[in-house]
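The values are calculated or read from the model by the stated rules, or taken from the named source; none is laboratory data. Since we're looking at a predicted model, the values are computed, not measured. Every residue, glycine as well, gets a Cβ built from its backbone with ideal geometry; the counts of neighbours run over all protein chains shown.
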Amino acid sequence: MTVLDMRDVRKVYRSGDAEVVALDHATLAVDHGEIVALLGPSGSGKTTLLSIAGGLLAPTEGSVVVDGEDITGHDARRLTAFRREHVGFVFQSVNLVPFLTAEENLLVVDELGGGKGGRAARERARALLDELGLAARGSNMPSQLSGGERQRVAIGRALFNNPGLVLFDEPTSALDTQLGEQVMELIRREMKARDTAAVIVTHDTRMTHYADRVVRIVDGRLTADPVPA
Ligand SMILES: Nc1ncnc2c1ncn2[C@@H]1O[C@H](COP(=O)(O)OP(=O)(O)OP(=O)(O)O)[C@@H](O)[C@H]1O
Ligand SMILES: [Mg+2]
């Protein structure tokens, strides 16, 4: 079953008279529970592709179906509601809310969805932090956490609503190699345990063995690596 189905997506940015074709004929299908690494040089269109896959940005042409719902023509309001239920995001610069504790950073997701941060939500936040090895860190502020710990809080936040798809934009680039490997291992374990699909943008070829499949992007065009036998 396909959780992400992007077809013939084209994205043209216009600023003044200048036009940049960031994506061209991009077609990508990702199955439930599948982990895809998206590899490509700076400026090749990786973040643009993730943003379109997750409904943060509309394509100029082409279609995007997530969890069976065609989101191509959704307006901003419907996209926001859709993202909350179906898509998790983890970015390179972990954007935790600096004045909330680790646990509260997870509960933000619940509150944005109209929840009251009640007992069930708090228990879910604690269980997730526990699972991510952060049981003792729930009441710490982001500034009191290491880079790897902050990245794990961000992963917990992305998983809070049980999305079918989580999009990672260079989740390990701010970490040293060993910590990066640990975070990738954890991402893989958590995705597989939930049958959640992931697209993981990376510059780093050392991280691709954590993926089921590698897709490369150059100048806005995708090419798949041959699937290993
Ligand atoms: N908002 C924007 N307006 C105009 N051009 C943009 C915009 N966002 C991205 N671009 C351009 O589109 C192209 C693809 O950008 P994108 O951010 O998707 O690349 P990337 O692969 O994520 O790069 P990096 O590895 O440096 O993060 C680049 O040429 C970039 O300059
Ligand atoms: Mg980028």
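Which fully enclosed strands (runs of 3 or more DSSP E) of segment 1-99 have 3 or more residues being within 11 Å of ligand 1 (Cβ to nearest atom) and closer than 22 Å to G220 by Cβ? Break it down into steps so the answer makes sense when it comes.
On the way: elements: 2-15, 18-31, 35-39, 61-66, 87-90.
Result: 2-15, 18-31.
Is there a residue in segment 168-189 that is in contact with a Lys or Arg (Cβ under 8 Å, 6 or more places away or on another chain) and of a type in the set (F, W, Y)?
no
Let me confirm something: among L56, L39, which residue is in contact (Cβ under 8 Å) with a residue 24 or more places away in the chain, within 16 Å of ligand 2 (Cβ to nearest atom) and touching a His at 6+ places or on another chain (Cβ under 8 Å)? Break it down into steps so the answer makes sense when it comes.
Working: L56 fails: touching a His at 6+ places or on another chain (Cβ under 8 Å).
Exactly one residue qualifies, and that residue is L39.
Restricted to segment 133-177, and to residues that are away from ligand 2 (no atom under 16 Å from the Cβ) and among the charged types (D, E, K, R), which residue is modelled with the lowest pLDDT?
Per the criteria, the residue is D176.
Per-residue answers, yes or no, for (1) among the aliphatic types (A, V, I, L, M); (2) within 16 Å of ligand 2 (Cβ to nearest atom); (3) more than 19 Å from L167 (Cα to Cα):
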| site | (1), (2), (3) |
| --- | --- |
| T60 | no, no, yes |
| H74 | no, no, yes |
| R77 | no, no, yes |
| T101 | no, no, yes |
| N105 | no, no, no |
| V108 | yes, no, no |
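Which number in (1) out of contact with any Ser or Thr (no Cβ under 8 Å at 6 or more places or on another chain); (2) more than 16 Å from ligand 2 (Cβ to nearest atom); (3) closer than 30 Å to D110 by Cα; (4) modelled with pLDDT of 95 or more marks the one condition that G33 misses?
Of (1) out of contact with any Ser or Thr (no Cβ under 8 Å at 6 or more places or on another chain); (2) more than 16 Å from ligand 2 (Cβ to nearest atom); (3) closer than 30 Å to D110 by Cα; (4) modelled with pLDDT of 95 or more, only one is false for G33: (1).
Read through the list (1) of a type in the set (G, A, S); (2) in contact (Cβ under 8 Å) with a residue 40 or more places away in the chain; (3) in contact with a strand residue (DSSP E or B) (Cβ under 9 Å, 6 or more places away or on another chain), then give the number of the only condition that A174 fails.
If we test A174 against (1) of a type in the set (G, A, S); (2) in contact (Cβ under 8 Å) with a residue 40 or more places away in the chain; (3) in contact with a strand residue (DSSP E or B) (Cβ under 9 Å, 6 or more places away or on another chain), just (3) comes out false.
Please work out which one of (1) in a helix (DSSP H, G or I); (2) under 28 Å from T80 (Cα atoms) is the condition R206 fails and give its number.
Against the list (1) in a helix (DSSP H, G or I); (2) under 28 Å from T80 (Cα atoms), R206 comes up short only on (2).
List, please: which pairs have Cβ atoms under 8 Å, are six or more places apart or on different chains, and start with a residue in segment 16-28 that is closer than 19 Å to V201 by Cα and end with one that is of a type in the set (F, W, Y)?
A22/Y13
If I ask for residues that are surrounded by 14 or more Cβ atoms within 10 Å (Cβ to Cβ), over 26 Å from L4 (Cβ atoms) and touching a residue at least 24 places away in the same chain (Cβ under 8 Å), which ones from segment 73-104 would you list?
Once the filter is applied, which keeps residues that are surrounded by 14 or more Cβ atoms within 10 Å (Cβ to Cβ), over 26 Å from L4 (Cβ atoms) and touching a residue at least 24 places away in the same chain (Cβ under 8 Å), segment 73-104 yields L100, T101, A102, E103.
Whether any residue in segment 140-159 is more than 16 Å from ligand 1 (Cβ to nearest atom) and among the acidic types (D, E) is what I want to check.
From segment 140-159, those more than 16 Å from ligand 1 (Cβ to nearest atom) are 140-159; that's our starting set.
In the following step, the residues that additionally are among the acidic types (D, E) were identified as 149.
Yes; the residues of segment 140-159 include at least one that is more than 16 Å from ligand 1 (Cβ to nearest atom) and among the acidic types (D, E).
If you go through segment 10-56 one residue at a time, how many are surrounded by 22 or more Cβ atoms within 10 Å (Cβ to Cβ) and of a type in the set (K, R)?
Number of matching residues: 2.
For segment 59-72, give me the residue count where each residue is polar (S, T, N, Q) and in contact (Cβ under 8 Å) with a residue 24 or more places away in the chain.
Within segment 59-72, the first condition is being polar (S, T, N, Q), and the residues that meet it are 60, 63, 72.
Subset that is in contact (Cβ under 8 Å) with a residue 24 or more places away in the chain: 60, 63.
So the answer is 2.
Only one of these conditions is not met by M207: (1) over 20 Å from L106 (Cβ atoms); (2) away from ligand 2 (no atom under 16 Å from the Cβ); (3) hydrophobic (A, V, I, L, M, F, W, C). Which number is it?
(2)
Identify, please: which residue in segment 115-137 is part of a loop (DSSP other than H, G, I, E, B) and under 22 Å from the mean Cα position of the chain (by Cα) and is, among those, surrounded by the fewest Cβ atoms within 10 Å (Cβ to Cβ)?
First, the residues of segment 115-137 that are part of a loop (DSSP other than H, G, I, E, B): 115-118, 132-134.
Of the ones still in play, those that are also under 22 Å from the mean Cα position of the chain (by Cα) are 132-134.
Details: L132: 21, G133: 13, L134: 22.
Looking at the filtered set, the residue picked out is G133.
Filter segment 162-179 down to the residues that are under 25 Å from D31 (Cβ atoms) and not in a loop (DSSP other than H, G, I, E, B), then identify the one that is nearest to ligand 1 (Cβ to nearest atom). Talk me through it step by step, then tell me what you get.
Residues of segment 162-179 under 25 Å from D31 (Cβ atoms): 162-172.
In the following step, the residues that additionally are not in a loop (DSSP other than H, G, I, E, B) were identified as 165-169.
Numbers: L165: 18, V166: 17, L167: 12, F168: 12, D169: 7 Å.
Of everything passing the filter in segment 162-179, D169 is nearest to ligand 1 (Cβ to nearest atom).
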